[in-house]
Amino acid sequence: MTMRNTFLFAAAASVVGSLGACKWSEFDDISDKAYVAATGRPDDGATIWPIALVPAQNTASDVAGTLGVFGASEPTYNEIVLGAEGTAAIGSSFFEFESIGWGSFQTDPLVMRNPDTTGDGVGELTVITEPASASVLFFGKGAGFDYVDLNGATKIEAATYIRPGSGAPAVVVAGESDTLFARLPPKVVKRCDLVENTMPIALKALGSVVPSGSTDDHLLVWLADGRLVLYPAGVVNGDDTAITGEPCEGGVSVEPLLASTATTFQPAGRSYIIDFRDDATFGADLRLLVGRNGPNTFLQVVQVSTTGITFVGTPLTTEASASHATMRFDDASYVALGFPTATVENTVAGQVKLYNVDPATGVDSNAVLVLNDSQPEDNQGFGRAVSSVSFNGKQILAVGATNEIFTYFSTELYEDTRTAQ
């Protein structure tokens, strides 16, 4: 039984079913190729756990081997700390969102971590969810948390970090249909209204990108009809020369910089434009589209320049997924997709599939690794959340299931990362 000591914000609590380090043969059929640790849900109030995983950055530095975990239904944030022997234990960091009057979470919140490693952005995690009837941006930073209610916003469709100018610190920009909100500390304010040929747009995903031919972040938008459009970063702060009129405090309409580019997929809720910031093999002009709509998930690498948007390789369309993460193991890059309702041995238990992603050829059409419990249980939810986490100078895989998180210290794709066995 693992116990917590002193929490940042709450008293210590016991852990339900903390399993410590477990041989992979207890969970999968490739025991000769992998080693996994399983961590059980802590008894701290969250009864739906985990709902999201993210590399933890809630302290003054990006601590290697620390995984941030969010739970719902009496929502909480806590961490898993990895050990040299292949342990994955609940750490001391803990926060109960009810303490700030925030008593509910979506089970599929938008979760991001600030790309900055120095300056004002250090240690910041951002969660966007929809408690009650209002959308909220939540910021966890250093030893404290802050949140802002977006007055008048009914649904935040997408969000991204973006730098409004060269050398500027990253800020969050979130979109509700055609309206942008940006975090300009200490507040969140309405910014520009995005239009195309003077008409409002219907955005479904946002991403920042540095197009080839430029040194500044731009805003890449994926529309509900499947088209990609590129806007200047000045939509965040109103100082870009591409914007005419008054500074962009709302009421100013901004047109795209380029004619739109049509994809072959129409994204719905919880679609994303993903960067490869932890992967130096991908340039700042490359992004991964992760689209979701009904029974399908769509993957496509795109390359953005100041003169147009092109596709890298062919798109991959697969079954509906609930989670995703990009990662790099040794000399190859991957995207992991979680399918928590996948059937394994006639049991709805869940799977995670990893696909190779290459900057020259795009997403491979065949999964290179499929993970699941070798003794599947009904409604196990394996793959409800997925992330990579830094450990001993490498990235390793973490997968969330119902009331458990599995941390893979080795798989068929990378050798054992433990340093003490």
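Let me know the Kirkwood hydrodynamic radius for segment 294-349, please, with Cα pairs as the basis and the value in Å to one decimal.
Values: mean 1/r = 0.0728 Å⁻¹.
Here the Kirkwood hydrodynamic radius works out to 13.7 Å.
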Subject >> Ratio of Rg to Rh over segment 376-417 (Cα coordinates, Kirkwood Rh, two decimals) >> reply: 1.04
Original post:
Which whole-number percentage describes the relative contact order of segment 74-120, with Cα contacts under 8 Å and a sequence gap of 6 or more?
Top reply: 35 percent
**OP:** For segment 282-360, give the magnitude of the charge dipole about the Cα centre (Cβ charges: +1 Lys/Arg, -1 Asp/Glu; no others), in debye to the nearest 20.
**Re:** 220 debye
Original post:
Of Asn379, Val348, Val304, which is farthest along the charge dipole of segment 290-392 in the positive direction, counting Lys and Arg as +1 and Asp and Glu as -1 at C-beta?
Top reply: Val304
**OP:** Give the order of Arg384, Arg292 when sorted by the count of other beta carbons within 10 angstrom, beginning with the fewest.
**Re:** Arg292, Arg384
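Over segment 279-367, what relative contact order in percent results from Cα pairs under 8 Å that are six or more residues apart? Please report the intermediate quantities before stating the final value.
Values: 181 pairs, mean separation 20.1, N = 89.
Reported as a whole number, the value is 23 percent.
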**OP:** May I ask you to sort Thr261, Thr306 by Cβ crowding, counting other Cβ atoms within 10 Å and putting the fewest first?
**Re:** Thr306, Thr261
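Can you put Glu176, Glu319, Glu124 in order, fewest other beta carbons within 10 Å first?
Values: Glu176 18, Glu319 12, Glu124 22.
The order, fewest Cβ neighbours first, is Glu319, Glu176, Glu124.
Only the coordinates and a few stated rules stand behind these numbers; no lab work does. Keep in mind the model is a prediction, meaning the values are calculated, not measured. So basically every Cβ, Gly included, is an ideal-geometry build from the backbone, and we count neighbours across all protein chains shown.
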